[in-house]
């Protein structure tokens, strides 16, 4: 398979195409712009339920196409292979985000919010693609990750889905459970899902890990960063919730 839809794993071909500054920066510009538009026009979705539902269905369709096409193209190349397993954190979060879009399920929302937003942002800062804007993979990667980040933000702004301390802790415990499972899976099958491994030989695939002490010590730093980021995002949502409640109360008094 060649041309625009070339989809070989760069870790198997050792053929990495570097991104230009513009290719790297543009997704951040798009994300900021879309978050602003969601915030600015959230009332449009709130006031028109028919439009809101159609918007979710169309967005979910685009998201699903990006998600499924990733595995379809990989299957066309590799057949049944461990590379097809959706065991990366963002892959798991994307699947749950799709469920959230179509069902508005509050049970999974908190995990999608924390794992999706934090994991998605990390992926934008450290894109592991191997392809530039001349290939579909570039648009698939950034399109799927932008939608992963935007989905829980949409539900927060439009549907007032806010995490509680209890649901935030529960989501973090779930993350730890997934990490433990993937650590054991990677050890048994020699994979590196969720970037959890103890084999220092794998560091050659992920040079950034050496900056955190290398395997297996980088896992400690990952845990610390995850704890801090999880807490900060939770505090941010509580501030937003209190701010919105204060505005609503003021509007009620002035009515």
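Computed with the Debye formula from one identical point scatterer per Cα of the chain, without solvent, the log10 of I(q)/I(0) at q = 0.07, 0.10, 0.11, 0.12 Å⁻¹ comes to -0.27, -0.55, -0.66, -0.78. Sorting the segments 13-21, 123-131 by their mean number of nearby beta carbons within 10 angstrom, highest to lowest, gives 123-131, 13-21. Taken along the Cα-to-beta-carbon direction at a fixed 7 Å, the label points for residue 84 and residue 13 span 2.0 nm.
Before rounding to the nearest 500, sum -39500 (n - 2.57) across all DSSP H runs of length at least 4 in the chain and divide by the residue total; then give [θ] at 222 nm in deg cm²/dmol. Please report the intermediate quantities before stating the final value.
Details: 10 runs with 176 residues, N = 255.
Helix-only estimate at 222 nm: -23500 deg cm²/dmol.
For a Förster distance of 35 Å, can you work out the FRET efficiency between the beta-carbons of residue 235 and residue 58, rounded to the nearest 0.05? E(calc), rounded to 0.05, equals 0.60.
What is the gain in length, in nm to one decimal, between residue 46 and residue 20 on full extension, counting 0.36 nm per residue of separation less the C-alpha to C-alpha distance?
Numbers: separation 26, 0.36 × 26 = 9.36 nm, distance 3.90 nm.
Once the chain is fully extended between residue 46 and residue 20, it gains 5.5 nm.
Distance distribution note for the stretch 33-142: the fraction of Cα pairs above 26 angstrom is 25%. Note on residue 245 and residue 28: the model spin-label points, each 7 Å out from Cα along the C-beta direction, lie 3.4 nm apart. Note on residue 106 and residue 228: with the Förster distance fixed at 25 Å, the Cβ-Cβ geometry gives a FRET efficiency of about 0.45.
Give me the number: length gained by fully extending residue 95 to residue 220, i.e. 0.36 nm times residue separation minus the C-alpha to C-alpha distance, one decimal in nm. Spell out each step's value before the answer.
Numbers: separation 125, 0.36 × 125 = 45.00 nm, distance 2.72 nm.
Taking 0.36 nm per residue and subtracting the Cα distance, the gain is 42.3 nm.
Every number here is computed from the coordinates shown, using simple stated rules; none is lab data. The model shown is predicted, which means the values in this text are computed figures rather than measured ones. Cβ: placed from backbone, ideal geometry, glycine included. Neighbour counts: every protein chain shown.
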